[in-house]
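Asker: Got a structure for you, written out below as structure tokens; questions coming shortly.
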Amino acid sequence: MRILVWGINYEPELTGIAPYNTGLCEYLARRGHEVRMVTTFPYYPAWEKLPGDRGRIFRTESLEGVSVHRCWHYVPRQVTTLKRILHEFSFALTSSVRVLTLPRAAVTVVVSPPLFLGPCARLVSWLRRSRYVFHVQDLQPDAAVGLGMVKPGLFVRALYGLEACAYGGARAVSGISAGMLAAFTSKKVPVGRQLYFPNWCAPLPLEPRAANEFEHCRRRADCRRQLGLPEDALIALYSGNIGRKQGLGVLVEAARLLAEAPVAPSERRVHLIIAGEGATRSELESALARQPGLPLTLLPLQPEWKYRELLGSVDLGLITQAAGTGQFFFPSKLLALLSAGLPVITVADQGSELALAVAEGKFGVNVSPEEPWQIARILRELADDPERLERLRAGTGWVRRFAAERVLAEFEARLMEIGLPRC
């Protein structure tokens with residue numbers, strides 16, 4: 001079957017939505033489908049194009065059996081609400097032109113954000129007499145209001161109008177969490193057109209397990225020494241985008257509290273790592289520069305091989321969500337951490353998808369946003385209670401329900417149903 005995937009992020013981007021767009025396309029291509037991807041030139045999460053891509057309008061390449069059609073879009077140096085709108089709107093325009101030049105697909109998977117793709121897909125679908133599935137990775141209007149990026153009023157009503165337009169023309173509307181499906185119902189999407197399509201666990205991005213415990217400990221110690229990290233400390237890792245939605249300032253404050261608390265010679269120290277790029281990284285750098293000596297290391301986003309080393313050398317993962325942003329959002333980075341056997345400390349609103357998952361799976365501890373003292377307390381407790389840490393680690397098997405082959409096979413079956421010719 002001829003399938004088109006239309007979204008703003010793709011390989012070689014390493015974080016966010018890109019790995020899932022890439023994984024979906026490559027899976028469908030391996031299954032024998034004719035797959036095309038319409039996307040941008042790589043820019044995320046650094047918000048900067050590669051030097052060779054600047055000024056280019058279109059480019060087509062073949063990657064792992066997928067025809068990848070890249071389109072120019074505006075990438076701002078500093079991300080503001082207005083510039084973000086222009087950024088997404090520019091891609092919607094250029095990519096719509098590109099889609100109209102390609103052979104008509106049996107079904108198109110439109111990945112949001114950006115929300116602007118929804119109305120564009122509806123128009124293209126009408127012009128081409130084709131069908132699309134609108135796949136929602138993030139409810140943008142709800143997140144923007146929750147973050148305070150936009151105030152209720154005419155603009156917010158316009159955003160919800162774009163959303164309704166996208167949903168109304170789609171053969172199916174898919175979401176990554178149960179809470180998102182409930183939100184679709186409240187937005188008047190018929191249950192029969194809703195589709196659960198969660199993010200999945202990619203094959204473990206880990207180095208092969210050492211032949212014995214001694215070798216494993218040696219690798220772990222080597223990695224810590226290379227990064228200048230304390231070899232005997234409990235180390236917690238955040239890796240991914242550094243933006244407003246993540247609210248990473250809470251980790252800086254937790255590190256300050258840890259630095260101020262006295263540590264007895266017999267107690268294990270705690271150290272934090274933030275590895276990533278994003279729109280608010282400079283703010284994070286400034287905050288750390290004002291407080292030298294904190295037990296927190298800021299690293300750039302790591303290449304895959306270095307990320308594998310990091311996962312093998314830390315004790316637990318960190319996932320943060322700013323207050324008001326996580327009601328329906330389910331962060332994909334959780335799956336990578338659990339697949340690596342790492343328990344987590346999460347920072348999310350009580351009742352959010354992330355907090356509910358932690359409570360169900362018992363693989364970590366959730367803390368409400370804006371409570372850095374709770375993060376510091378839990379880190380200190382886990383540093384001195386290895387048995388509790390191991391009990392949390394035992395819960396990481398919860399992630400098996402998101403096995404890639406199972407999730408992708410179910411979605412492929414639904415695409416086949418949607419793409420069947422009308423009788």
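The values are calculated or read from the model by the stated rules, or taken from the named source; none is laboratory data. Because the structure is a prediction, the values reported are computed rather than measured. Cβ: placed from backbone, ideal geometry, glycine included. Neighbour counts: every protein chain shown.
Asker: What residue, of Leu4, Leu82, is hydrophobic (A, V, I, L, M, F, W, C) and either over 20 Å from Val109 (Cα atoms) or out of contact with any strand residue (DSSP E or B) (no Cβ under 9 Å at 6 or more places or on another chain) (or both)?
Answerer: None of the others qualify; the one that does is Leu82.
Asker: When region 328-353 is examined, which residues are found to be more than 23 Å from Leu272 (Cα to Cα) and surrounded by 21 or more Cβ atoms within 10 Å (Cβ to Cβ)? Lay out the reasoning, then the answer.
Answerer: Step one: filter region 328-353 for residues more than 23 Å from Leu272 (Cα to Cα), giving 328-329, 350-353.
Phe328, Phe329, Ser352, Glu353 - these are the residues of region 328-353 that are more than 23 Å from Leu272 (Cα to Cα) and surrounded by 21 or more Cβ atoms within 10 Å (Cβ to Cβ).
Asker: Follow-up question, since we're still on this one. Six or more apart or on different chains, Cβ under 8 Å: which pairs go from a residue in region 259-271 that's surrounded by 12 or more Cβ atoms within 10 Å (Cβ to Cβ) to one that's among the small types (Gly, Ala, Ser) and assigned to a loop (DSSP other than H, G, I, E, B)? Could you list them?
Answerer: Note: pairs meeting the criteria are Ala259/Gly293; Arg268/Ala233; Arg269/Ala233; Val270/Ala233; His271/Ala233.
Asker: Just to verify a result, which residue in region 354-374, among those that are buried (at least 22 other Cβ atoms within 10 Å of the Cβ) and in a helix (DSSP H, G or I), is modelled with the highest pLDDT?
Answerer: Val358
Asker: Taking region 281-304 on its own, how many of its residues are polar (S, T, N, Q), surrounded by 12 or more Cβ atoms within 10 Å (Cβ to Cβ) and outside any loop (DSSP other than H, G, I, E, B)?
Answerer: Initially, region 281-304 is screened for residues polar (S, T, N, Q), giving 282, 286, 291, 297, 302.
Now narrow it down to the ones that are surrounded by 12 or more Cβ atoms within 10 Å (Cβ to Cβ): 291, 297, 302.
So of that shortlist, the ones also outside any loop (DSSP other than H, G, I, E, B) come out as 297.
Of the residues in that region, 1 qualify.
Asker: Among the residues of region 315-327, is there at least one that is buried (at least 21 other Cβ atoms within 10 Å of the Cβ), touching a strand residue (DSSP E or B) at 6+ places or on another chain (Cβ under 7 Å) and farther than 19 Å from His271 by Cα?
Answerer: yes
Asker: Provide a single number: the residues in region 224-257 that are part of a helix (DSSP H, G or I) and more than 15 Å from Val347 (Cβ to Cβ).
Answerer: Residues in region 224-257 being part of a helix (DSSP H, G or I) and more than 15 Å from Val347 (Cβ to Cβ): 4 in total.
Asker: When you look at Val97, is it of a type in the set (Val, Ile, Thr), under 29 Å from Arg36 (Cβ atoms) and either touching a helix residue (DSSP H, G or I) at 6+ places or on another chain (Cβ under 6 Å) or not assigned by TED's automatic domain parsing to the domain that holds Ile8 (or both), yes or no?
Answerer: The answer is no for Val97.
Asker: Specify which of the listed residues (Arg59, Arg36, Arg104, Arg2) is under 26 Å from Leu127 (Cα atoms), surrounded by fewer than 18 Cβ atoms within 10 Å (Cβ to Cβ) and in contact with a Ser or Thr (Cβ under 9 Å, 6 or more places away or on another chain).
Answerer: Arg104
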